[in-house]
Amino acid sequence: FTYKVRFRGWFLNDKDLLGDFKYGFGSRNITYPFYQNVMHPEVLDMVLETALRLGFNLVIPGSFINIDNPPEEALVQTAVNRGLYVSQHHVEPLGVSYFGAELYQQKYGVEGQFSYISDPKFMEYIWREYVRKWAKYKDNVIWQFGLRGKGDEYFWKSDSTAPDSMEERGNVLSGALATQHRIVCEELGLVGALLIIALFILTIL
């Protein structure tokens, strides 16, 4: 018997509302109408135990995980402590969303525009910063590659400088994916595409 699927997991999409089952662990400062309370690790741990009993080995532990916020990083640590692989929400390529970048800028006084088109240097900078933060769990990380706008918008909906044609938008996406791949390889000391496990979440999905 040969296994055909190497990773089998859960995406706790919008299940951050589990944060309302037990309070007092921490909060997230996010300009979004939901997910203000961070799920308590004890609540998440019961979910992870169930996942393991079902033969899962991978989890995306929430809809927004800003690893720069210790209570949120604790969710990643909880999953890793259980021996699970962890990945990021598809709106968080390399672990950073529009909201995460916005909070990073406010916290550290970094200037830049969340646009791979008009400010690619800032995008590379913020992606690299978050890869470095996630790299402590690198043996357990399944990296998300992609390009999204604010929240779960297409990047061309959030970015007025985005091209109009699908071909040009595809070129932008291809450039972003190549940049993300290079950053991960550089920061983790990898060489070549075959040495990195990546989930490519296409913008048009």
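The values are calculated or read from the model by the stated rules, or taken from the named source; none is laboratory data. Note that the structure is predicted; figures quoted are calculated from it, not measured. Because the Cβ atoms are built from the backbone with ideal geometry, glycine has one as well, and the counts that use them run over all protein chains shown. In case anyone asks, the SASA skips ligands and DNA or RNA and just uses the protein heavy atoms, side chains included. Shrake-Rupley method; radii C 1.70, N 1.55, O 1.52, S 1.80 Å.
How high is the relative contact order of the chain? Use alpha-carbon pairs under 8 Å, at least six apart in sequence, and give a whole percent.
17
Using a 10 Å cut-off on Cβ atoms, rank the peptides 120-127, 58-65 from the highest mean neighbour count down.
58-65, 120-127
For the chain, what is the mean residue ellipticity at 222 nm derived from helices alone (per DSSP H run of n ≥ 4: -39500 (n - 2.57); sum divided by total residues; nearest 500 deg cm²/dmol)?
That calculation yields -12000 deg cm²/dmol at 222 nm.
Across the chain, how many lysine pairs separated by 8 or more positions, or lying on different chains, have Cα atoms within less than 30 Å?
For the chain, qualifying lysine pairs total 29.
Can you sort His89, His181 by 1.4 Å-probe accessible area, starting with the largest?
His181, His89
When every alpha-carbon pair in segment 1-145 is counted, what percent end up more than 21 Å apart?
So the pairs more than 21 Å apart make up 43 percent of the total in segment 1-145.
How would you classify segment 127-170 from its alpha-carbon gyration tensor, with a ≥ b ≥ c the square roots of the eigenvalues: rounded for a/c under 1.5, else prolate if a/b is greater than b/c, otherwise oblate?
prolate
I'd like to know which of Pro41, Asn66, Gly26 lies farthest towards the positive end of the charge dipole of the chain, counting +1 on Cβ of Lys and Arg and -1 on Cβ of Asp and Glu.
Pro41
Roughly speaking, what is the centre-to-centre gap between segment 137-182 and segment 4-47 when only Cα atoms are used, to the nearest Å?
Each part reduced to its Cα centre gives a spacing of 24 Å.
Taking only protein heavy atoms and a 1.4 Å probe, what accessible area per residue, in Å², does the chain have with all protein chains in place?
52
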